[in-house]
Amino acid sequence: MRSSSNIPLVTTVKERCRVCFTCVRECPAKAIRILDGQAEVMPERCIGCGNCVRVCSQHAKQVRDCTVNAKTLLAGHLPVVACVAPSFPAEFSECDYTQFVGMLRALGFHHVHEVAFGADLVAARYRRLLEEHPHDRFIATTCPAVIAFVERYHPDLVSKLAPIVSPMVATARVVKRIHGPNAKVVFIGPCIAKKGEMLSAILPREVHATLAFTELRRMLDAYGIRPEKVEGSDFDPPHGGSGSLFPIRGGLLQAADMREDLMAGTVVTADGRSSFVEAIREFESHDLDVALLEVLACQGCISGPGIDNDAPLFRRRSWVSRHARRRASEIDHAQWLRDMERFSDLDLSREFEADDQRVSAPSDEEVVQILARMGKFSQEDELNCGACGYESCREHAVAIYKGLAESEMCLPYMIEQLKRTVRDLAVSNKELARTQQALMQSEKLASMGQLAAGIAHEINNPLGAVLMYAHMLKRDYKDDSRLSADISTIAEQADRCKKIVAGLLHFARQNKVQLQPTDLNALVRESLKTVKVDDTIAIELQLDMRNPVAELDRDQIAQVLGNLISNACAAMPGGGTLTIATCETDTLVEFRVSDTGTGIPKENLAKIFEPFFTTKQIGKGTGLGLSITYGIVKMHGGNIRVTSNADPREGATGTTFSVTLPRHGNQYAARESAV
């Protein structure tokens, strides 16, 4: 049932689509492609079953609208005939069928016919077909969605499609004979696939518009037509008989006076998304060996996507059955037989054409590769959760190969990707926070460095004069013990002030980096000799560098090592272990100074590199050592980190300073040296 130019019957409103894959799961033809995270109905693959329309909670699936076409026909001068599907009681349950017909006439239809009579004609042809071909096998063609499914996905079964038109087309041909070839036919029913049947390129254009019940309701509401406002009316003859049962599963068989004999196994019925697909598959493989397979894509036409009544399924079924019983009690049986005889010569034959939409399946190796891209390396990884819309991970992989799906549809895969992204973000955030902290520290130190440099320059010269004259006085009054002691105190304190000023100058980065090849292991050993280490402190060296040579400023790194070793020893007044370790990569060198001392309280960790911050007693330290150390490391383009524990309840106390430096210097250090 190839529609003209593959006109889409269903499209996606992208703004509403939430990409929940429900439509993918419910589409028996897998005609919905996920492309760039967006669901897209492929018209060449769509069979018009409307499952996607029915299950979409966001109303993102839009059906081809025929209301404009129908209004144009009604506004014309030619007679317009409404052909109503026998499932109408399942939709318009709020009114009597005579009121329903009256509303259609009020809408402007010249004639209103029931498709049930066309169904009677079709049922009689099926009975004759099976009688004339007792050894053949057929698939019933009353459901256009089933026809489209066979033509597209089981083209080898096209010859098994019963060559009989649907009740809609049969009724249109009856109408043409009664009202003439110029009569315009509008089919009204629950089915979207009927729109595709109307547009079929291999059928004559006998139906000019197809209105779903939902579309008809909108038209009636737009014109303010209500059941209580119209005059009741009956359908135009010929009236239908058992064809009123066609919307219900097995209705064709009852109308044709056949039955699904479980003993004989001559006829089998099936309906619904999964059942009809499986029935056709088994019919093709001869696992289902029957003379007639009657299948419906929906659970009967009473649950078609064009129905807006949300009553339970079996209540809708009972409404159709009740209407069929009423019509059977009212019908003039003799007249019905005359009408059946009158149209017995009507041509109800049709042909079908294969429209193969199958895509070759991938090899096992290709499936394995696709699964691996989704993190599925073993059978245990294939959860088959169905969240992607496919029943198994392998079906999903095949759909990816065919261009119908994306890896991102796999929920476990996306969860794992999300976890990985969260982990990466956590690392990035941690690095960002560290960098931000370092930047704030650098800005703070830069501001204080400018202040320190100005103060140091202003104080340095007069301080030198005080120190010089203090030494001169000490020499001149060396024989006066009392005065000499006072002068010595002046000289000592002035000398201490000069050291503080020198520290301020170091902190202000007045010294430049002079890079030269330096043996870091040897520098560690030399630095230990310059610092007094108490006998109660054990020293452990872990110098694990195979190539200890790096481009460093030897004197400044020696100062860093001296500061860190001195602080470590000061943190262990009762003794402990001092550990100095070195390690390397091709581009970096690192040394760590660890102690088992009292540790640094958490509240002080953020302050330790600030100038003049110290926990030592007054006179025991200037608070500039770590600030100078920080500046030296940064001038080398390196990084200094500290980890410490001061709470014995959380484990062993102690502190570790880790300094990482470029092995071959860096552009920043080189630029600083060139200034």
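The values are calculated or read from the model by the stated rules, or taken from the named source; none is laboratory data. Here the structure is a predicted model, which is why all the values come from computation and not from measurement. A quick note on method: Cβ atoms are made from the backbone with ideal geometry, for glycine too, and the neighbour counts reach across all protein chains shown.
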### Task
Please tell me if ILE500 is β-branched (Val, Ile, Thr), assigned to a helix (DSSP H, G or I) and at pLDDT below 90.
yes
### Checklist (1) farther than 19 Å from GLY272 by Cα; (2) surrounded by 17 or more Cβ atoms within 10 Å (Cβ to Cβ); (3) of a type outside the set (D, E, K, R) applied to CYS49, failing item
(1)
#### Entry: Residue check for LEU78: touching a helix residue (DSSP H, G or I) at 6+ places or on another chain (Cβ under 8 Å) and in the same structural domain as ALA145 (by TED's automatic domain parsing)
no
### Query
Pick from LEU216, LEU211: which is in contact with a Cys (Cβ under 9 Å, 6 or more places away or on another chain), over 19 Å from PHE138 (Cβ atoms), surrounded by 15 or more Cβ atoms within 10 Å (Cβ to Cβ) and of a type outside the set (D, E, K, R)?
LEU211
### Task
Answer yes if at least one residue in the range 604-617 is in the same structural domain as THR536 (by TED's automatic domain parsing) and either outside any loop (DSSP other than H, G, I, E, B) or at pLDDT 90 or above (or both), and no otherwise.
yes
### Query
How many of the residues in the range 183-214 are more than 14 Å from ILE307 (Cα to Cα), β-branched (Val, Ile, Thr) and either modelled with pLDDT of 90 or more or under 39 Å from the mean Cα position of the chain (by Cα) (or both)?
3
### Query
When you go through ARG317, ARG325 one by one, which is the residue that is of a type in the set (Lys, Arg) and either assigned to a strand (DSSP E or B) or free of Cβ contacts under 8 Å to residues at least 12 places away in the same chain (or both)?
ARG325
### Query
Residues in the range 282-306 that are assigned to a strand (DSSP E or B) and over 24 Å from VAL84 (Cβ atoms): how many?
2
### Query
Restricting the first residue to the range 236-261 and requiring it to be farther than 14 Å from LEU292 by Cα, which pairs with a second residue that is surrounded by 22 or more Cβ atoms within 10 Å (Cβ to Cβ) and at pLDDT below 75 meet a Cβ separation below 8 Å and a spacing of at least six or different chains?
GLY241/ALA255; SER242/ALA255; GLY243/ALA255; LEU245/ALA255; PHE246/ALA255
### Query
What is the residue count in the range 223-237 for residues that are β-branched (Val, Ile, Thr) and either over 11 Å from PHE100 (Cβ atoms) or in contact with a Cys (Cβ under 8 Å, 6 or more places away or on another chain) (or both)?
0
### Task
Could you list, in sequence order, all residues of the range 369-395 that are in a helix (DSSP H, G or I) and either touching a helix residue (DSSP H, G or I) at 6+ places or on another chain (Cβ under 7 Å) or closer than 17 Å to GLU408 by Cα (or both)?
GLN369, ILE370, LEU371, ALA372, ARG373, ASP381, CYS393, ARG394, GLU395
### Task
Would you list the helices (runs of 4 or more DSSP H) that sit entirely within the range 38-121 and hold 3 or more residues that are over 37 Å from the mean Cα position of the chain (by Cα)?
67-74, 97-107
### Index of the failed condition, ILE487 passing every other in (1) within 29 Å of HIS636 (Cβ to Cβ); (2) in a helix (DSSP H, G or I); (3) modelled with pLDDT under 90; (4) among the aliphatic types (A, V, I, L, M)
(1)
### Which listed residue, of GLY48, GLY37, is in contact (Cβ under 8 Å) with a residue 60 or more places away in the chain, on the phi > 0 side of the Ramachandran plot and in contact with a helix residue (DSSP H, G or I) (Cβ under 6 Å, 6 or more places away or on another chain)
GLY48
### Summary
Filter the range 516-563 for residues that are in contact with a strand residue (DSSP E or B) (Cβ under 9 Å, 6 or more places away or on another chain) and among the charged types (D, E, K, R); the one that is farthest from VAL589 (Cα to Cα) is GLU540
### Near pairs, Cβ below 6 angstrom, 6+ apart or cross-chain, from the range 463-484 (farther than 18 Å from CYS497 by Cβ) to any residue that is in a loop (DSSP other than H, G, I, E, B) and aromatic (Phe, Trp, Tyr)
LEU483/TYR477; SER484/TYR477
### Query
Among the residues of the range 397-411, is there at least one that is free of Cβ contacts under 8 Å to residues at least 12 places away in the same chain and either more than 24 Å from the chain's Cα centre (by Cα) or not assigned by TED's automatic domain parsing to the domain that holds ARG152 (or both)?
no
